[in-house]
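Below is one structure; the comments refer to it alone.
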Amino acid sequence: MPDYTSGGEKPSLGNDYSFKHLTLTSTLMLSSKEKRRLRRTADKMEKRTTFESRGMDVLPFYAKTDSQQDLWSSLNKNTVTVAVGPAGVGKTLVALWFGLSAVKSRAFTKIVYVRSDVGCAHQRGRGALPGTLEEKMAPLIGPVMDNLSVMTRSQGAADYLIDKKIIEPMMLEDIRGRSLNESLIIFDEAQNTSPDQVKTVLSRVGENSRIIVTGDTKQIDLDVFKSHNGLLDCYQRLAHINNVGTVRFTNSDIVRNGVIADILAAYDD
């Protein structure tokens, strides 16, 4: 789990000292800033209680490969982690599992899942598609929905975590100007971004937050990103900075299906 103990334990008001339990007299004595802080604390406590009372306990994490364990360790140790490797090695799975475990232990309040809306060369933009924002986002958060059933006990956990914004999907173009505090930020499929776009996402990391930038440089969808690739640039540029960890997966780490490694090898020839 995330190690935030070096600076001392995070302050706690306790179950009996929240905004909802204050008397009218004591509430009037508080400043507006203190009221807002207590209100936020009460909301967080209520979300935690609801999350746990619904039986959505996160299953224990057991790494299937050494690289998965390296990724978990990097997420636990570093503010920034960059994970590069082929499909099926568990990059997104491990990141989500780590984030949910941290939410349960109250190290984070939420997981922010960021993706770029990049597909084939002639694909219409997400905004041009019919439906609500949630319906437009649904195809992009497929990796989240696919993985949640593996790490939680409840059948309804996936929908609940999205509905309650414990997992918040976000388009890359919507992240500018945000300050993401007490969160694990998962920047997925970053191979389809530019170095400037990766820089923008990295600069959104707020207080008590951590970020993982992940993707596969062999699955670049547009030619523009082959010469100026944000994921590869990030991996190389940040490798020697303190509080930054890098993890590289190979075809031997593929756990999704045994034949995938052979298929990828055939395409590499």
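Points worth noting:
- Using the 1.4 Å probe convention, the accessible area of the stretch 168-269 works out to 54 Å² per residue with neighbouring protein chains retained.
- Area of residue 202 that stays accessible when all protein chains are in place (1.4 Å probe, Å², to 10): 40 Å²
- Stokes-Einstein diffusion for the stretch 197-269 at 4 °C, viscosity 1.567 mPa s, with a Kirkwood radius from C-alpha pairs, works out to 89 µm²/s.
- Rounded to 0.05, the FRET efficiency of the residue 208 and residue 145 pair, given R0 = 30 Å and the Cβ-Cβ distance, is 0.65.
- Near residue 191: Cβ cut-off under 9 Å, other residues only, Lys/Arg at +1 and Asp/Glu at -1. The net charge is -2.
- If R0 is 25 Å, the Cβ-Cβ spacing of residue 227 and residue 248 corresponds to a FRET efficiency of close to 0.75.
- Calculated FRET value between residue 176 and residue 69, using beta carbons and R₀ = 35 Å, to 0.05: 0.50
- Across the cross-link table entries 110/226; 104/226; 33/165, which are compared at the Cα atoms, the separations over 27 Å belong to 110/226; 104/226.
- Straightening the chain between residue 159 and residue 260 buys 33.5 nm, computed as 0.36 nm per residue apart minus the Cα-Cα spacing.
The values are calculated or read from the model by the stated rules, or taken from the named source; none is laboratory data. Since the structure is predicted, the reported quantities are computational estimates derived from the model, not experimental observations. Note that we place each Cβ from the backbone using ideal geometry, even for glycine, and neighbour counts take in every protein chain shown. Quick note on the areas: whole protein, heavy atoms, side chains included, nothing else; ligands and nucleic acids left out. Shrake-Rupley method; radii C 1.70, N 1.55, O 1.52, S 1.80 Å.
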